[in-house]
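Beneath this line is the structure, given in structure tokens, with notes to follow.
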Amino acid sequence: MSLIRSILTRTKEDAVRVATSPIESARVAKYTAEGVLSGDIPPREPLKTVGATLGALALVLVVLFPIYWIFTAAISSTGGSIYSSGDFQLFPSNPSMQSFLWVVGDLIVPGYAISLNLPLSDLAVVFTTPRVELLDVADYGVTNPSNFKHFLWNSLTVAIPTVILAMCLVVPAAYALSRREFIFRRKILFGYILLTQVGGGLGIALLIGLYAIYVQFGLNDSKLALAVYYAATAVPFNTWLLKTYMDGIPVSYEEAAVVDGAPPWRVVTEVVLPLSTAGLATVFVFTFLTGWTEFVVAQTLLGTENYTLPVGLYALIDEYTIPWARFSAFALTFATPIMLVYLFAQRYIEGGLSFGGIEG
Amino acid sequence: MNTFSRVARRLETIPYLEKSDLSLLFVLPGLFVFSAFMLFPVLYIVGISFTNAQPANLFAGEGVVAILTFGEASYVGLENYIGVLTDPRFWNSFGVTWLYVATSVVMKLVFSIGMALVVTSDRVRGRRLMRSFIILPMGLPAIFTITVWRGIFSSANFGLANQLLGAFGITTVSWLTERWPAFFAYNVTEAWLAYPFMVIITVSALQDVSEELHEAAKVDGAGHLARFRHVTLPSIKRPVLFATILTSAASFQQFLIPFVFNTGGPARQNELLILYGYQEAFSFSDYGRGAAISLIAVAFIGTFMWINVKRGKLADGVKEA
């Protein structure tokens, strides 16, 4: 739980920094103004700073504009089809959340009737669970909601086995590569690093072979088989990542445990693993996202019934009856949680990625 | 004494293996699964590339034997490779791919270094905040980014690119149905997709540039441009080169952008190499040919990476590990 606490402290520090920054800049501005008035600072200097800052701000806004654009598209009112969506407005005239309601769809837990036959009698007790109606989109004028929840379920059933399997493969290997010396160690590590760099595209190039094998084994359209494939592709990068993280843990802790008489397996479970929580969390997030965001292989192997979220998103853009606003809402609902999780993993989980932290 | 320890003691008696080598057992499961799902398809695809495999014959047989004999597909020798290498369409795809690597890498480099310079400049206030915002797109799934950019270049009313042109009074362009506009659209999207990674690496390199050198150059009367060329550039060269190699490999293997935008259209003119192989196999049901193309692409990317690893010492980390 120290991990969560450290994330919270970091978030708090950041929040404080952001909140106090206006005061800080006001102080700087006041100081500069006084300096200019008394003639200590030439008036051109602050003007240059303001100009440069505004220029940089404009650049950042232009670069991030597509994200804003897709957001405004999602909250603008919907037309009949993808072609009837209107022109871009910087601030949509009558924003509505209808598109998001269309994405989420009904949230209704239907009532179930459970009947228990009492033994040694003809009697039966029937329980009826209440129908829980959290959200009925028909109330808001949305009919025919999207398949988002169906895709979400498929994505979950792919991503969770991926994570479990990948962790089982990655954690022991990373520990051994980090702490033990054995035959072929260097060669395996070298191979993993090479594969880390070329992994992605290679997968697509080999897709024909993979597809042929899967079809012949009758494994295409199986979510579990897809999860095993994802776990396999995640092995080199994540093993290397976790190994690098474990390298940073001082060996002296383990030595202390050994001196205290701990058997090897207890050294691992009580010293190494607890100390590498942050690394494990990073690997967890990355393997989860492998299964969650992969598109090409899923699109080739899975049938319509088993489409995961990325494939569902792609299928949507070719459907011309879906208004652009709805597509945007779907895309955002899919991408925003991932972006947040990814950025947290990047920024707050220390030491996971060596180039992740940019210091100011 | 459990089974594991007994097996362990038995293994120790094998000559050439030391007790410590037992740790290899921790690595083997991962290595095995990875090989089963990556290396076996490699071997299989090599096999397919020498046959006339099509869905009709490849998936004809039953059972495990059929897998090893490639169904009922028959051996055709080098026919696929000869067919591919004498096909003008392959050479078109090959040329477009290299052109794409060249243009997109230059675009990514200029864009990212420029942006990194801006968000590290001393004159800019709030650099830290800007930096954390600017790398936001890194967390977005590729399929999201690419479908959104397809919307931007769409010819429909909401297409942002055309609205922008309209604002300047220029007539609309049908981005995705003409060859070079589509190619341009690929490049812009690729640049947007890859810039956060490049900016991160460039920014951390820029922060390591020594202040003293800059001061010294200033004292000697060097202008902004001269200082950039003679002080900044040499200090950031190595990390940026590293990022360039990785990102050019990514450009070479680009599949999603052309696939989502217009499946390498119009009329298959913009099919990048990996997409070309994919299309031959899955859209035109010629698995043998698709396999041959994919292998040629893998050979190129493999050679490219190998040369870079050898010359750029990419895997330096291993030696000190």
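The values are calculated or read from the model by the stated rules, or taken from the named source; none is laboratory data. No experiment lies behind these values; they were computed from the predicted model shown. Cβ: placed from backbone, ideal geometry, glycine included. Neighbour counts: every protein chain shown. Note: areas computed on protein heavy atoms with side chains; ligands, DNA, RNA excluded. Shrake-Rupley method; radii C 1.70, N 1.55, O 1.52, S 1.80 Å.
What the table shows:
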read-out: Any chance A:PRO161 is more than 9 Å from chain B (Cβ to nearest Cβ) and part of a loop (DSSP other than H, G, I, E, B); value: no
read-out: Helices (runs of 4 or more DSSP H) fully within segment B:208-321 counting 3 or more residues that are in contact with a Gly (Cβ under 7 Å, 6 or more places away or on another chain) and within 17 Å of A:ILE208 (Cβ to Cβ); value: B:273-282, B:287-312
read-out: Test for A:VAL60: is it surrounded by 12 or more Cβ atoms within 10 Å (Cβ to Cβ), in a helix (DSSP H, G or I) and either β-branched (Val, Ile, Thr) or at pLDDT 85 or above (or both); value: yes
read-out: Residues (under 30 Å from A:ALA73 (Cβ atoms) and open to solvent by less than 50 Å² (accessible area, probe 1.4 Å)) located in segment A:109-138; value: A:LEU135, A:ASP136, A:VAL137
read-out: Evaluation of A:ASP247 against (1) within 9 Å of another protein chain (Cβ to nearest Cβ); (2) in contact with a Gly (Cβ under 7 Å, 6 or more places away or on another chain) (one fails), failing number; value: (2)
read-out: Failed condition for A:VAL215, given (1) free of Cβ contacts under 8 Å to residues at least 60 places away in the same chain; (2) of a type outside the set (Gly, Ala, Ser); (3) open to solvent by 40 Å² or more (accessible area, probe 1.4 Å); value: (3)
read-out: Test for B:PRO266: is it more than 11 Å from every other protein chain (Cβ to nearest Cβ) and at pLDDT below 90; value: yes
read-out: Matching option when the condition is small (Gly, Ala, Ser), surrounded by 12 or more Cβ atoms within 10 Å (Cβ to Cβ) and within 7 Å of another protein chain (Cβ to nearest Cβ), among A:ALA33, A:ALA29, A:ALA52; value: A:ALA52
read-out: Tally of residues being in contact (Cβ under 8 Å) with a residue 40 or more places away in the chain and open to solvent by less than 30 Å² (accessible area, probe 1.4 Å) across segment B:114-131; value: 4
read-out: Residues (touching a residue at least 24 places away in the same chain (Cβ under 8 Å), surrounded by fewer than 24 Cβ atoms within 10 Å (Cβ to Cβ) and within 19 Å of A:LEU301 (Cβ to Cβ)) located in segment B:264-300; value: B:SER285
read-out: Residue that is farthest from the other protein chains (Cβ to nearest Cβ), among those in segment B:165-218 that are of a type in the set (D, E, K, R) and over 17 Å from the mean Cα position of the chain (by Cα); value: B:ARG179
read-out: A:ASN220 vs. criteria touching a residue at least 24 places away in the same chain (Cβ under 8 Å), outside any helix (DSSP H, G or I) and within 11 Å of chain B (Cβ to nearest Cβ); value: yes
read-out: Residue that is farthest from B:SER154 (Cα to Cα), among those in segment A:315-331 that are within 11 Å of chain B (Cβ to nearest Cβ) and surrounded by fewer than 22 Cβ atoms within 10 Å (Cβ to Cβ); value: A:ALA315
read-out: Members of segment A:179-206 found to be crowded, with 20+ Cβ neighbours inside 10 Å and more than 7 Å from chain B (Cβ to nearest Cβ), listed by number; value: A:TYR192, A:GLY203
read-out: Residue within segment A:241-258 that is under 15 Å from A:ILE164 (Cβ atoms) and open to solvent by less than 20 Å² (accessible area, probe 1.4 Å) present; value: no
